[in-house]
Structure formats: C-alpha cells, structure tokens
Amino acid sequence: MSVADSVRSLVIRRPERAVPVILGALLLGYFLLPFVAFLSRTGRVAVVAGLSEPGARAAVRNSLLTAPVSTAIATIFGVPLAYVLARRSFPGKRVVESVVVLPLVVPPVVGGAMLLTVVGRFTPIGAAAAAVGIPLTDSLLGVVLAQTFVAAPFVVITARAGFAGIDDRLERASRSLGYGPVATFRNVSLPLARGAIVAGVVLTFARAIGEFGATVMVAYNPRTMPTRIWVDFIGGGIDEIVPVSVALLAISVLVLTAVQRVGRVPTVIDR
Amino acid sequence: MIVELDGVTRRYGGEPAVEDVSFGVAAGELVAVLGPSGCGKTTLVQAIAGHVRPTAGRIRLRGRDVTGDPPESRRIGLVFQESTLYPHMTAFENVAYGVAAREDDPESRAATVTEYLDLVGLDDQGDASPGSLSGGQRRRVELARALAPEPDLLVLDEPLSALDRSLRTRLRDAIARIHRETGVTTLFVTHDQRDAMAVADRLVVMADGRVAATGPPRELYEAPSTPFVASFLGRSTSVSGTLTGTNPLRVAIGDTAVRVDAAAGDREPGDAVTCHVRPRALGLRRDGDATRLPDDDSSTRATAGGADSARLPGEVTAVADAGRHYDVSVRVASGDELVTECTAAPPAVGESVAIELPEGGVTLFGPGFEPSTAAGSGPTPAGRPDDGTE
C-alpha cells in the first residue's frame, strides 16, 4: 500500500486523526526540506577546505569562546532570579517578569542598537571602558554583551518553570530537617530542577552561538560564525557560506546532545 | 509543656485563617488537631513548624519563645499529606538527610538511619528509590525521616488522607505503635474524626480558625460542648422541645413530657431546647414488645401520669439497611424525625414504636440545631459498617 493509499484510508476511516497528521506532516516537511536542500550542497562545496581558511577558523574560534561565556553569565545571574520568581511574591513582580522577557520581544537588531546607546564608544560607559583598554564594542566582550542580552531570558524562563514544578513542601521538609534556605536550595531545589535548568542552558547556548542581529550592531568585528556567514553571503552567495554554516549546525547539535546526556544520567529516578 | 500556643493568629490579607488559638501539648502526648478542611489547621501546624509566621500570638517550644525563629532551628519533624521524599535520593539517603544535618559521624549516622528504617519495618528497603515504593511504604519512610533526628515534636499533617482505607487503618495503627515505642510528642492533624479518635490522647477540635473544644475523645463525643463539636465528631440526631423542669430535668416534646438525663446548664423552664443524642445510644421499643411497649394512647398517659418516662412514641418513616445495623427514622409528636440504629430485625415503615432516651449521652443545646445524619457527607459519621472506631 502506498503512502497515498494509507492517507486516503485514514481520511475516510478516521477523519479526526487525519487532520493533525496531515497538517503536522506538512509543517515538518517544511522544516526538513531546507535542511535537505542546503546540506545537499555540501557535496559540491569543499567544507573542510572552506573551514581551514584563516577567516573561517577565526570565526569558529570566536564563537566557541563567546557563546559559552555568555551562557555561563546568563546561567549564574539567571538561575537565582528564576528561583526567586518561582517561589516569592513581592510588589512589582509583574514588572520584573515583563523585564525578563523584554529581550525576547525586542528584535535582536534593535536590541543591539539599544545596547550601543549604553556601551557604545561615545557613551560614558563605553568611553570609560575603552580608556582603560577594555572596549565594549567591536571586541569579543562586545559579542558576549550582545549574546547575553538576547539569549539570557531563555535560561531564566525555563529554570523558573522547573523550580515552580517542585512541590514547595519538599523544601519545607528540608528546612524542618535542619537545613537553612541556601543548603535547601543546593540540596533539594537545584538537583530537582536540574533537567529544566539544563534545558534552559541548551536553549541559551543555541541562541547565543547563533546570535546575529545584536552582535552585528555591537561587534561587527571580530567576526563570529553568524556574522562571517552574512559577510560571506553578501560577497559570494550561498555556496560560500556552506562550510561555516555546517560547522555552526554541527556544534549546536553536538552541544545539545552532550548536555542533555550529562544532564540526565545520575538521577536515581527519572521524572 | 513541649509546645505552647498563646493567642496564635494568622491572617492572609485581613482574612483570618487562624484566630486566637491557645493550647499546649505535654511531653509524650499524642494530640489530634481535628477540623473540617479549611478550618485553619494546616496553617496552624505550619506556624508551629515555622513555615508560616503568625500575625499575632506566641509559640513556645520547651518553654523557649520560637515565634520568629526559622524552621531549621526548631527540631520539629514534619510529615505532609503528600509524599515529600526526595526523588533523587534512596530511602536510606532520605532518612540520612535529616540525620546528617545534626550528626557528623557517618557511622553513627548510618546506625541511626538503620534503626529508624527498622522501626517502620522497612530496613530491607534502604536502597529503594521513592518511586519504586508503594504509597504506604513511602509514608513509613517519611515517618522514619521525620523521627530519625529525634525531634522535640512530631507533626503529622493529614498523613493518612491520601491512602485507601485498609492501608489507612494499618498505618494509623503503625503511628500509634511508633508513638508508644518512641514516646515522641505528636501533633496529628486530620479532618477525619475516626482517625483522630482512634489514636489521640486528646482532641483539639477546630472550626473557622478557632478552637471549638479540647478534651479526651470519648468525653467530647458523648458530651459535646457545642453543636458543631456534636455534629463533627459523629452522627447526631436531635429533637426539639421546651424545658419544663430542671430537677429532675424534663422536656416537653410535642404533647409528651419526657425525663431527660442531661445537664441543664443555665437554662430555665420555658426555654426552647434541642436534645442531642447519638443514634447508637437511642433505644427502640416496638409495638408488641409486651413488657415495655406503650400502647396507642401511651402519649396521653405519659403526659398525664408517666412523670418518669424517658420514652417518646412515634411512627417509623424510613428504614435503611446500613450493613451492620439498620437506620430507622422515627417521627415523633413534635414533628422531628429521630434516627436510631437498630441491630435486630427492624420495624416496618408506618409501625408505631417508642424511642427510648438513654441515661446520660443526651446533650441540651439551644434551638436551631442541625443534626448530621447523612452518611458520607461532611464529617464522617461513626457507626458505619466499616467504622474503625467500633
């Protein structure tokens, strides 16, 4: 029986199932088709040779330096905030929650422009930093600033959902067993929210390493993989960008699987 | 006193959840805090444990004022209604977690954990993860975890509510046994009158955030101090009348005057009263029971000359088979319907019978008492077929 036959019989016998199947399949096809079409060009383009160019190697190195740093900053600053948002109520909490998602609703390129008005070369902060030899624009630090601005909300939102999913009686029990709030957070809340935090870290990393709009505004140089891809595309078309794009894709997929694996292993029971 | 509450009040945005609660728990006592859901008992025990800060009032543990202290400094073992075992630790590790906060030596720590797992009968389940344990086993591990640090007070917040009936009774017995063996001062919070009466030395009955009554379970059951306590602690039935004499106490019910064995309090003849009694305590006399049955004109006779009669003539309006007994509803002259429990073959509907008020066990309330006779709704009535208190 061909696919068409199966679909036809499904539509006739089970119309209530056919609708989501057909609609979902179309959407997934739309997702996959560009991947296939784009990756099929790898046959015609020398990926390894392309990546060994000094410019491409620098871009890969810059991205691999900045994205983990941005992710670490977002995690260190974001996870405690996520916990407070999940557990406490305080005046102005709604305002804080809106601020957390602000970078998500602002288009990255606009976010980058807004960052420039704070850390740009001719602003007080930017000028002061440049004066002591730490330029905040057109530097790796600038890349980190842009990536953190755009990507940090992901870890906050995801970790917050994770903390909120923990019954707060588990924490109360820990307090009554003799542990203070910090020890309780470390022993109970953090391990139980680990899955959600790891998911947030992965999302943040994926967003940071692929960040283009804000980065190009704050730090056009040094090139990261996304800015390099754009510059190459303007100069040479699709085939020119295949090597770096494939590398970016590969890194993202690698990190995703690796972190998910690490995040899951040692739990006594997996929920 | 291990615990002393002095005027403890907790309001949520002006709305009082707990209002002016004062009572104490002596060393080794097992006190049940009993009340319907929403009466504030969970807020109260969370205040005792330090997870909720009272708006007013003081809490003392072993004579020390701990009202503002955090939970970790209070030495209170807490068991919640839902399992709070840590899913990322084994049963052994869960118990050890509480011990480790106060005991540094790993060897004596392990010995303590083993001892308490043994106490709850789970010494062979130490390596099990909480997810692989049954509901009852999880409760036991939680008991062990709460007890192992040897707390001053064990607080059990509805520990049986999430369990099915047979498990419930077994765990209730286990709690009573553990209390006997360890002598730990225990506060047992429940909405279930049967659980409370089965295990507690003393009851604290709560209603609307306040203490409605305190006392030994049997005393409160047989001589409830308020209508709420009467209906909450078990099945109630009642009949309204007018007080006609106080010594001996007599009540006119419809056109019948009966002698009632109860305390009049400060009521005077002429006051409207409700006679409250447990259905199980009521006697039922059938027509044809030659010796003691009143004949058809018994009511007249009782009014006229039967000064010492404690019997109310009436007519059977309904008979329900409740398994171990029959619920027989009898309408008496005042129009009230009384429910009695009858273990022998019940009379037929429409039959003329007489209700016999017991010696003692009758409580007088003011008018307007609403009896709780419906099985299964609201407070769980005593005397059902599966009644654990019998």
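A few remarks follow.
- One chain, two ends: A:Val132 and A:Ala25. Fully extended at 0.36 nm per residue, the span grows by 32.9 nm beyond their Cα-Cα distance.
- Convex hull of Cα atoms in chain B, direction-averaged projection (nm²): 22.3
- Degrees, to the nearest 10: B:165-182 long Cα axis against longest axis of chain B: 60
- Peptide B:71-79 has a mean shielding of 5, counted as Cβ atoms of other protein chains within 10 Å of each residue's Cβ.
- Of the residues A:Phe122, A:Phe149, the one with the largest accessible area comes first in the ranking A:Phe122, A:Phe149, computed with a 1.4 Å probe on protein heavy atoms.
- If R0 is 30 Å, the Cβ-Cβ spacing of A:Glu97 and A:Val118 corresponds to a FRET efficiency of close to 0.85.
- In terms of its Cα atoms, chain A spans 71, 65, 34 Å along the principal axes, sorted from long to short.
- The calculated 222 nm mean residue ellipticity attributable to helices in chain A amounts to -25000 deg cm²/dmol, summing -39500 (n - 2.57) over DSSP H runs of n ≥ 4 and dividing by all residues.
- Net dipole in debye of chain B [+1 Lys, Arg Cβ; -1 Asp, Glu Cβ; about Cα centre; nearest 20]: 340
- Accessible area per residue was computed with a 1.4 Å probe on protein heavy atoms; A:Ser6 scores about 50 Å².
- Only protein heavy atoms count here; on that basis, with a 1.4 Å probe, A:Lys93 has an accessible area of about 40 Å².
- What the Cβ-Cβ distance of B:Tyr12 and A:Arg186 gives, at R0 = 51 Å and to the nearest 0.05, is a FRET efficiency of 0.95.
- Proportion of all alpha-carbon pairs of the stretch A:181-263 beyond 17 Å (%): 59
- Ranking B:Ala148, B:Gly350, A:Ile209 by Cα position along the charge dipole of the protein assembly as shown, where only Lys, Arg, Asp and Glu carry charges on their C-beta atoms, puts A:Ile209 farthest toward the positive end.
- Degrees between helix B:135-147 axis and first principal axis of chain B (Cα, 0 to 90, nearest 10): 70
- The protein assembly as shown: Cα Rg divided by the 2.2 N^0.38 Å rule of thumb: 1.41
- Dipole in debye (nearest 20) - the stretch B:2-151, about Cα centre, beta carbon charges: Lys, Arg +1; Asp, Glu -1: 600
- Computed extension length for B:Asp123-B:Thr317: 64.2 nm, one decimal, from 0.36 nm per residue of separation with the Cα-Cα distance subtracted.
- Computed [θ] at 222 nm, deg cm²/dmol, chain B (DSSP H ≥ 4; -39,500 (n - 2.57); rounded to nearest 500): -7000 deg cm²/dmol
- When the stretch A:123-271 is described by a simple charge dipole with +1 on each Lys and Arg Cβ and -1 on each Asp and Glu Cβ, the residue from A:Gly142, A:Phe154, A:Ile234 located farthest towards its positive end is A:Phe154.
- For chain B, the longest principal axis of the Cα atoms and the long axis of helix B:91-100 meet at an angle of about 70 degrees.
- Sequence-separation-based contact order of chain B, relative, with Cα cut under 8 Å and 6+ spacing, percent: 16
- In this Cβ point-charge picture (+1 for Lys and Arg, -1 for Asp and Glu), the protein assembly as shown has a dipole of about 3240 debye about its Cα centre.
- Under 5 Å between amide hydrogens, built in the peptide plane, is the criterion, and for B:Ala212 it picks out B:Val205, B:Met206, B:Ala207 among residues at least 5 positions away or on other chains.
- Probe 1.4 Å, all protein chains present, accessible-area order of B:Tyr86, A:Tyr83, largest first: A:Tyr83, B:Tyr86
- The modelled label-to-label distance for the pair A:Ile234/A:Val3, using points 7 Å beyond Cα in the direction of Cβ, is 4.0 nm.
- Calculated translational diffusion coefficient of the stretch B:89-194 (25 °C, 0.890 mPa s; Stokes-Einstein with Kirkwood radius over alpha-carbon pairs) equals 174 µm²/s.
- A crude spin-label estimate for the pair A:Ala161 and B:Thr67, with each label 7 Å from Cα along the Cβ direction, gives 4.4 nm.
- A:Phe31 sits with roughly 110 Å² accessible to a 1.4 Å probe, with DNA, RNA and ligands left out of the calculation.
- Of the DSSP H helices in chain A, those with a Cα length along their own long axis of 24 Å or more and a mean Kyte-Doolittle hydropathy reaching -1.0 comprise A:15-39, A:54-87, A:140-164, A:238-264.
- Shown are B:Leu5, A:Leu141, whose ranking by accessible area with a 1.4 Å probe and every protein chain present, most to least, is A:Leu141, B:Leu5.
- Each residue, B:Asp173 and A:Arg87, gets one label point 7 Å from its Cα in the Cβ direction; the gap between the two is 4.1 nm.
The values are calculated or read from the model by the stated rules, or taken from the named source; none is laboratory data. Nothing here was measured: the structure is a model prediction, and the numbers come from that model. No Cβ is skipped: glycine too gets one built from the backbone with ideal geometry, and neighbour counts run over all protein chains shown. The accessibility values were calculated without ligands, DNA or RNA, using every heavy atom of the protein model including side chains. Shrake-Rupley method; radii C 1.70, N 1.55, O 1.52, S 1.80 Å.
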